[in-house]
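The structure under discussion appears below in the form of structure tokens.
What follows draws every value from the coordinates through simple rules; no lab data is involved. Keep in mind the model is a prediction, meaning the values are calculated, not measured. For neighbour counting, all protein chains shown are included, and Cβ atoms are generated from backbone atoms with ideal geometry for every residue, glycine included.
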Amino acid sequence: METLRFRHATTRPLPGTRPSAITGVVASGNLEVLLERNLPPDACHVEIDTAINGYAEVWAAVVADFVARRQPGGLTITINDGGARPDTVSLRLAQGARLMELP
Amino acid sequence: MDWKPVALSASPLAQSWYEASARARLAGLLDTDTFEEFIGPEQRMMSPHLPLFALPRAFDDGMIVGRGRLDGRDVLAAAQEGRFMGGAFGEIHGAKLVGLLRAALAVKPAAVLILFDTGGVRLQEANAGETAIAEIMRAITQVRAAGIPVIGLIGGRAGCYGGGGLIAGTCVRLVISEGGRLSVSGPEVIETNKGAEEFDSRDRALVWRTMGGKHRRLLGAADAFADDTIGAFRAAASAAIPAAPAFDLETLEAEQARLAARIARFGDARDATEIWSRLGVNDPDAVPGLTTEGFDALLDSLPEGSHDAR
């Protein structure tokens, strides 16, 4: 197991008022993403628990890309990973952000 | 950029139960937006055992419990996520269901619904899992004795196996779909212990006609056969609540008598089709291909009515 933590500054908060959302499941090649609105609007923290060691650089790139695209200010994002590929991770992060924006 | 939520065109009720996640099943099964989760994922009540095996945990440990309404009636509901560790019972997973059942004694809902999707006990925490199975069965009998029906819904990809099959046996009503399978030992377990000549786990037709929904319904182990949609399960669950019989000595003795008669009557059958034939099905080989309407018509035409023996 490997635990990774990333802290990003964002230019704006993610729209919406939902306090939390969850998407995905922990299964082979899949992951679950828990999003919580509990930080200052210009910060986003991401913590990942993954069963697959040695991919910190890939995770850093995927998370940085998500933060740059969506500017998820105010969110703590916690991930339980079952060995998802980077494209699946990107998809789940985008789904999670969308859930947080729903009215 | 202005993001607008995408509206799904298909009704959640039309979605496949088999394909849906545990959360999607609950959301569609219960009245819209009435589900309120207990011990949600944000509380991070996760398995204390899995990190010892370097295995990833889930925020809800694969068990989602809470309350909601079904056709206006207050119910408690529990759903297993079959994709996380095969929906297996671990310490937290089991404890959440035990707690929900014990809560039922206090809040007296119209029913407790259990959405099974499990391969049985989680081997990495087997002692805790086995204990949970026993505690759940005891709690179900207490809830039923208090006059609250406990209804099982089986239609997930993991089926309902191992200890889950035992728990299902203690429910007062079971709803099952074609894809739902109900048994204790799973196909691979039987093959490993008894050989492929006894049970070939790769023979999917054999697995389905031995453990699948139609066979369980024909045998009387399940009380309703539902299409594989969330809407069909919702309708069947709602119909099962008022249909639940009392939990008393008379019912238990009748169940025992039916089970004894079943083994005497079918114990020597070599295949499920033989059992169906003895039940009065004219064309047993056609049963797996029947639609739900055709299958319900067949059930109505059989001499024996529904009964409560698992």
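Here are some notes:
- Using Cβ point charges alone (K and R +1, D and E -1), the dipole size of the stretch A:2-101 about the Cα centre works out to roughly 360 debye.
- Projected label distance in nm at B:Ala145 and B:Leu123, using a 7 Å step from Cα toward the beta-carbon: 3.6
- Here the dipole of the stretch B:12-246 is about 440 debye; that uses its Cα centre as origin and unit charges on the Cβ of Lys and Arg (positive) and Asp and Glu (negative).
- Basic side chains Lys and Arg get +1 at the Cβ, acidic Asp and Glu get -1 at the Cβ, and with that the dipole of the protein assembly as shown about its Cα centre reaches some 760 debye.
- Legend: calculated FRET efficiency, B:Gln256 to A:Ile52, from the Cβ-Cβ distance at R0 = 45 Å, rounded to 0.05, equals 0.30.
- Between A:Glu47, A:Glu32, A:Glu57, the GNM of chain A built on Cα springs shorter than 10 angstrom shows A:Glu57 fluctuating the most.
- Positive-end ranking of A:Leu99, A:Ala64, A:Ile77 along the dipole of the stretch A:2-101, with charges on Cβ about the Cα centre, is headed by A:Leu99.
- Each eigenvalue of the Cα gyration tensor of the stretch B:232-278, multiplied by 5 and square-rooted, gives one semi-axis; in descending order these are 27, 20, 6 Å.
- Based on Cα atoms of chain B, Rg over Rh with Rh as the Kirkwood radius reads 0.97.
- Three semi-axes describe the equivalent ellipsoid of the stretch B:88-163; taken as square roots of 5 times the Cα gyration tensor eigenvalues and ordered largest first, they are 22, 15, 9 Å.
- Tensor-based shape of chain A (alpha-carbon gyration tensor, a/c under 1.5 rounded, otherwise prolate or oblate): prolate
- Helix A:86-101 axis, angle to chain A major axis (alpha carbon atoms, nearest 10°): 30
- Seen from B:Ala132, the other residues with C-beta closer than 14 Å to its C-beta sum to a net charge of -1, counting Lys and Arg as +1 and Asp and Glu as -1.
- P(r) of the protein assembly as shown over all Cα-Cα pairs, binned every 20 Å from zero, in whole percent: 26, 53, 19, 2
- Net charge in the neighbourhood of B:Val150 (other residues with Cβ under 11 Å of its Cβ; Lys, Arg +1, Asp, Glu -1) is +2.
- Choice from B:Ala286, B:Ala132, B:Ala88 with maximal GNM fluctuation in chain B (Cα, 10 Å cutoff): B:Ala286
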